[in-house]
Amino acid sequence: MDHEVVPGVPGAGGVPGVFDPRIYAEGIPHDRYRLLRDHHPVAWQPEPEIAGWAAGPGFWAVTRHADVVRVLRGHRTYSSWLGATQIRDPDPADLPFLRRTMLNQDPGKDAGDHGRLRRLVSRAFTPARVDAFAVRVRERARTLLRAARDGAGDGSADLVRTVTDEYALLNLTDLLGIPAADRGLLLDWTVRVIGYQDPEDAPAPLTGPDGKPLNPRSPALLGEMFAYARGLAAHKRRRPGDDVMTSLALAGLDPAELEMFFFLLTVAGNDTVRSAAPGGLLALARDRDAYRRLADGLVPVDRAVDELLRVHPPVLSFRRTATTDTELAGRAVRAGDKVVVFHASANHDERVFTDPARLDLGRTPNPHVSFGDGPHVCLGAHFARLQLRILHEEWRATMPAPELTAQPRRLVSNFINGITRLPLRVSGLRR
């Protein structure tokens, strides 16, 4: 049976479209998600050409919590290996390269070496090593917040530019063991890879001979990052330290595995907190009563962090590819179909979360999927939660209640839930 093709533009025929990255510049499309959850929980979505990016064959959008978890856990039926994890299909020539990272592998001997690589990162990213950075992370939060406050002549500052970008980047580079002089490179690489759909946030995209934009994740455009990774690993072998890159450099990885590890940790490790930190502050600025409860110590900060992650997940979507004909929420999914889960929709599913539109900082239980689920659950979740907890503790201790002084700007992306500008009041009464 042919797929149900929605006629006309995305969103026609009563099935809301959730593919166009420009939608997300206006905010998470909760109204569209709710319609999909209620009436089309697994919905076929067109994939038109946008901004020079070629049209694709379409995909299934999965929006209910139970179905999202089923896809994320069901790696035998819904594969990361077959087509990687971005909605748009990669160039077939790039697919073997993309499969070198564990993000684009499946558990099991027939689809890469996911288990071995994941165990290596787990040993390098131990909770004890992460927790040892807590003092340094706290001092960084204090320093950056103080500088933003003291440097704001009119009492307002863009928290993305003055605090959260630097906070996420410097914490990660400390953990990885990257020299201070090189840290700006990581932010440049992250912006190029994550912000490529946003004409304002990213550098001008490189184009091929046909004038079409080139995928920033392709091996041809990652040569500089990979050369740096090889050089840093060689340095760590000569002068080992107590850091993640030393652990990886001494782990016996082949050069391609090492390069892709560095790519994954640099981009995913940086952008998780880079997206979640301003997103959490924005949610608090929009709900003064919730912030007051946090400031007064009426809710645990750890629990508040998870609720802020629920309402502002760092990642909006992840793609899988069906390995066999199957059924999902009553829809016939064919082998080879793209199946895309939408985290922010799952996090607002009324079947799981009571009053999901309400920011309930004391919410428990809180089974959000902001760090994924199943075999690809985020290995850096502990580090991300530590950074977010400390940032909110330090804000509560030293800063006024977060208050918008102008409209924020969101990243144009259907992948990363980014905030590119967040103007907040940073001086005045603490509450």
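The values are calculated or read from the model by the stated rules, or taken from the named source; none is laboratory data. Computed from a prediction, not measured in an experiment: that's the story for all the values here. Heads up, the Cβs are rebuilt from the backbone with ideal geometry, glycines too, and the neighbour counts pull from every protein chain shown. Note: accessible area is taken over every heavy atom of the protein model, side chains too, but ligands, DNA and RNA are not part of it. Shrake-Rupley method; radii C 1.70, N 1.55, O 1.52, S 1.80 Å.
Scanning the range 354-392 for residues that are within 23 Å of V130 (Cα to Cα) and in contact with a Lys or Arg (Cβ under 8 Å, 6 or more places away or on another chain) turns up H368, S370, D373, G374, P375, L379, I390. Answer with yes or no whether L411 is open to solvent by less than 30 Å² (accessible area, probe 1.4 Å), in contact with a strand residue (DSSP E or B) (Cβ under 6 Å, 6 or more places away or on another chain) and closer than 24 Å to W44 by Cα. Here the answer is no, as L411 does not meet what is asked. Selection within the range 211-243: residues that are within 22 Å of P96 (Cα to Cα), open to solvent by less than 50 Å² (accessible area, probe 1.4 Å) and part of a loop (DSSP other than H, G, I, E, B). The member of this set that is modelled with the highest pLDDT is L222.
Of all the criteria given as (1) under 24 Å from A148 (Cα atoms); (2) in a loop (DSSP other than H, G, I, E, B), the one not satisfied by P356 is (1). Determine whether T246 is β-branched (V, I, T) and modelled with pLDDT of 90 or more. So T246 fits the description; yes.
Yes or no, residue by residue, for (1) touching a residue at least 60 places away in the same chain (Cβ under 8 Å); (2) aromatic (F, W, Y); (3) outside any strand (DSSP E or B); (4) open to solvent by 30 Å² or more (accessible area, probe 1.4 Å):
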| position | (1), (2), (3), (4) |
| --- | --- |
| R118 | yes, no, yes, yes |
| R138 | yes, no, yes, yes |
| R146 | yes, no, yes, yes |
| A168 | yes, no, yes, no |
| T173 | no, no, yes, no |
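With a requirement of 1 or more residues that are closer than 14 Å to H343 by Cα, of a type in the set (K, R) and open to solvent by less than 60 Å² (accessible area, probe 1.4 Å), the helices (runs of 4 or more DSSP H) lying completely within the range 20-103 that satisfy it span 30-39.
Rundown of residues vs (1) touching a strand residue (DSSP E or B) at 6+ places or on another chain (Cβ under 7 Å); (2) over 21 Å from L316 (Cα atoms); (3) of a type outside the set (D, E, K, R); (4) crowded, with 24+ Cβ neighbours inside 10 Å, yes/no style:
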position: M245; (1), (2), (3), (4): no, yes, yes, yes
position: A256; (1), (2), (3), (4): no, yes, yes, no
position: F263; (1), (2), (3), (4): no, no, yes, no
position: D271; (1), (2), (3), (4): yes, no, no, yes
position: A277; (1), (2), (3), (4): no, no, yes, yes
position: L282; (1), (2), (3), (4): yes, no, yes, no
position: Y291; (1), (2), (3), (4): no, yes, yes, yes
position: A295; (1), (2), (3), (4): no, yes, yes, no
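Yes/no per residue for (1) in contact (Cβ under 8 Å) with a residue 12 or more places away in the chain; (2) β-branched (V, I, T); (3) within 25 Å of L265 (Cα to Cα):
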site	(1), (2), (3)
R331	yes, no, no
A335	yes, no, no
V340	yes, yes, yes
H368	yes, no, yes
H376	yes, no, yes
R385	yes, no, yes
R396	yes, no, no
P408	yes, no, no
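So, of the residues in the range 280-313 that are among the aliphatic types (A, V, I, L, M) and not in a helix (DSSP H, G or I), which turns out to be farthest from V341 (Cα to Cα)? Across the range 280-313, the extreme among qualifying residues is L298.
Within the range 125-135, not a single residue is of a type in the set (D, E) and surrounded by 15 or more Cβ atoms within 10 Å (Cβ to Cβ).
Scan the range 21-53 for residues that are of a type in the set (D, E) and closer than 23 Å to A329 by Cβ and the total you get is 3.
Among the residues of the range 148-166, the ones that are part of a helix (DSSP H, G or I) and aliphatic (A, V, I, L, M) come to 4 in all.
Checked across the range 155-163, the condition of being within 28 Å of A285 (Cα to Cα) and surrounded by fewer than 16 Cβ atoms within 10 Å (Cβ to Cβ) holds for at least one residue. Filtering the range 175-210 to residues that are open to solvent by less than 10 Å² (accessible area, probe 1.4 Å) and at pLDDT 85 or above leaves L175, L176, I178. Is at least one residue of the range 315-327 in contact (Cβ under 8 Å) with a residue 40 or more places away in the chain and farther than 21 Å from L36 by Cα? Yes, the range 315-327 has at least one match. The residues on offer are E327, E350, and the sole one that is open to solvent by 10 Å² or more (accessible area, probe 1.4 Å), in contact with a Lys or Arg (Cβ under 8 Å, 6 or more places away or on another chain) and under 30 Å from P46 (Cα atoms) is E350. The set of residues from the range 314-349 being under 16 Å from G83 (Cα atoms), in a strand (DSSP E or B) and under 25 Å from the mean Cα position of the chain (by Cα) comprises S317, F318, R319, R320, T321, A322, K338, V339, V340, V341. Being under 17 Å from L144 (Cα atoms), at pLDDT 95 or above and assigned to a loop (DSSP other than H, G, I, E, B) holds for only one residue in P402, P367, and it is P402. Residue check: is A397 among the small types (G, A, S) and closer than 27 Å to I194 by Cα? No; evaluated as a whole, the condition is false for this residue.
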